[in-house]
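A.B. asks: Okay, here's the structure, questions in a sec.
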Amino acid sequence: MRHGIEQELQIVNSANFELCAGHVDDLAQAVRPRADSLNVFADFGRDFYDTQLEYWIGIFDSPFQLRDMLRVFRREVAEKARDMGLRVMACGVNPLITTKRPGEVFGEHHHVGVRTAREAINLHNLLRLFIPELIAFSANSPFYAGKREPFESYRLHRSAHCRCPPHLTQRDMMKLRWCSHSFSGVPERMWDVTPFAKGGRCTVEVRLFDAQPRCERSMAIAAVLQALAAKLITDEVDLDALVDPQSAWMDELKRNREEAIRSGIRSRLSLSTRPVLPLVDDMPAIEALNELQAWLYDELDIFGDDGESAVIDIVESEICLCEEERDSRDHCDATEYAGEMVRLTMEAE
């Protein structure tokens with residue numbers, strides 16, 4: 001299963017970790033030779049705001065390859081930033097932001113490669129069922145402008161870049177165009193999950209994640225997405241069950257999504273009417289993640305290990321770490337949190 005990733009890193013000053021504009025182009029130029037030396041597909045540049053260094057890395061055949069390349073480029077970016085007297089941070093929003101520009105948020109986009117447009121549509125329809133768990137697994141932006149917000153992903157709460165995606169049919173794939181406005185009146189790239197078929201390459205992009213400071217967490221997310229894609233080719237997923245469910249399920253999905261944005265790993269999710277992997281009503285998000293991992297055990301296990309840790313063990317460890325991170329956030333302020341996010345990002349663990 002092929003996989004690519006985009007991450008939007010914050011460029012911050014070394015004194016107080018606030019966003020620092022005007023350095024993205026120089027930093028991107030300094031890092032590019034590393035990609036050339038490794039002969040891998042990677043590029044670096046600014047996103048919409050001049051405080052965002054975005055890099056695109058791919059395409060990888062395993063979660064371990066993705067993690068290792070993330071570490072290489074993260075450390076390269078960190079080194080060049082230090083040389084310029086700067087720091088980098090991976091987090092959904094800057095905890096100490098002083099500007100009030102609504103689009104200044106920082107995400108992580110995963111691209112799952114598939115073989116055909118039909119597979120892209122099917123994977124889109126499957127992944128959208130697990131949006132609440134995926135948000136709970138990745139939410140890390142609870143501070144904004146120096147204050148603790150009542151959201152674990154303040155980025156998703158305030159961002160127009162993600163919305164709950166609709167069910168799609170195979171006929172809909174003909175209507176999807178890169179960065180165009182869709183037949184439904186919603187820009188496709190504003191969906192949490194979006195299938196594409198550009199230039200004959202079929203992919204499904206998942207955009208709902210806050211930028212992750214830990215490369216291991218990004219790897220775990222990639223592994224879960226790839227495992228869900230692999231699950232489609234087993235006989236355990238009835239494609240007929242992915243047909244647009246009743247409105248009761250869509251209402252439940254939207255409520256669960258909002259609950260995950262608000263409470264993250266501590267959210268309580270109602271998943272009893274989900275058409276695939278239904279669970280008991282009102283379940284803690286971490287238990288739902290554990291159930292998802294158990295459901296995907298064979299697909300995760302097949303990725304193997306790197307001589308130290310198996311993919312399945314890394315996913316389990318990262319799920320457990322979510323609770324520790326949540327507890328830690330309850331006992332720090334925005335400045336402390338910003339410092340910790342910078343440390344984790346710069347160390348590229």
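Since every read-out is calculated from the coordinates, none of them should be taken as a lab result. If you're wondering where the values come from, they're calculated on a predicted model, not measured in any experiment. As a convention, Cβ positions derive from the backbone with ideal geometry for all residues, glycine included, and neighbour counts pool all protein chains shown.
A.B. asks: Say each of Asp36 and Asp301 gets a label point 7 Å from the Cα, pointing the same way as Cα to Cβ; how far apart are those two points in nm?
C.D. replies: Going from the Asp36 label point to the Asp301 one covers 4.7 nm.
A.B. asks: Choose one of Ala227, Cys332, Gln10: the residue whose Cα lies farthest towards the positive end of the charge dipole of region 3-347 (beta-carbon charges +1 Lys, Arg; -1 Asp, Glu; about the Cα centre).
C.D. replies: Positive-end residue among those listed: Gln10.
A.B. asks: May I pose another question? Tell me which aspartates and glutamates have Cα within less than 14 Å of Lys231's Cα, excluding those fewer than 8 residues away on the same chain?
C.D. replies: Cα-Cα hits under 14 Å: Glu119, Asp298, Glu299, Asp301.
A.B. asks: Continuing with the same structure: Please compute one quarter of the surface area of the Cα convex hull for region 272-315 and express it in square nanometres.
C.D. replies: The number I arrive at for region 272-315 is 3.3 nm².
A.B. asks: What angle do you read, to the nearest 10 degrees and between 0 and 90, between the alpha-carbon axis of helix 24-38 and the longest principal axis of the chain?
C.D. replies: That helix lies at roughly 70 degrees to the long axis.
A.B. asks: On to the next question. In the chain, if the dipole is taken from +1 on Lys/Arg beta carbons and -1 on Asp/Glu beta carbons about the Cα centre, which of Ser159, Leu239, Gly107 is farthest to the positive end?
C.D. replies: Toward the positive end, the furthest listed residue is Ser159.
A.B. asks: Okay, next question. Taking the chain as the reference, fit the longest principal axis to its C-alpha atoms, fit the long axis of helix 215-231 to the helix C-alpha atoms, and give the angle between the two in degrees, 0 to 90, nearest 10.
C.D. replies: With rounding to tens, the tilt is 20 degrees.
A.B. asks: If I take R0 = 41 Å and measure r between the Cβ atoms of Asp26 and Asp330 in this structure, what FRET efficiency does the formula 1/(1 + (r/R0)^6) give, to the nearest 0.05?
C.D. replies: Efficiency at R0 = 41 Å is approximately 0.60.
A.B. asks: Once every Cα of region 1-96 carries one equal point scatterer and solvent is ignored, give the base-10 log of I(q)/I(0) from the Debye formula at q = 0.19, 0.23, 0.25 Å⁻¹, two decimals.
C.D. replies: Scattering profile of region 1-96, log10 relative to I(0): -0.86, -1.19, -1.34.
A.B. asks: Full-extension gain between Leu239 and Ile59, please, as 0.36 nm times their residue separation minus the C-alpha to C-alpha distance.
C.D. replies: Separation in residues times 0.36 nm, less the Cα-Cα distance, equals 62.1 nm.
A.B. asks: In debye to the nearest 20, how big a dipole does the chain give about its Cα centre with +1 on each Lys and Arg Cβ and -1 on each Asp and Glu Cβ?
C.D. replies: Taking the Cα centre of the chain as origin, the dipole is about 1480 debye.
A.B. asks: Also, quick follow-up: Can you compute the modelled spin-label distance between Ser247 and Leu321, with each label point 7 Å from Cα toward Cβ, in nm?
C.D. replies: A separation of 4.3 nm, rounded to one decimal place.
A.B. asks: Once amide H atoms are placed 1.01 Å from N in the peptide plane, what residues at a sequence separation of 5 or more from Asn94, or on another chain, have their amide H within under 5 Å of its amide H?
C.D. replies: Amide H neighbours of Asn94, under 5 Å, 5+ apart: none.
A.B. asks: Could you work out [θ]222 nm for the chain from helices alone, using -39500 (n - 2.57) per DSSP H run of at least four and dividing by all its residues? Round to the nearest 500 deg cm²/dmol.
C.D. replies: -13000 deg cm²/dmol
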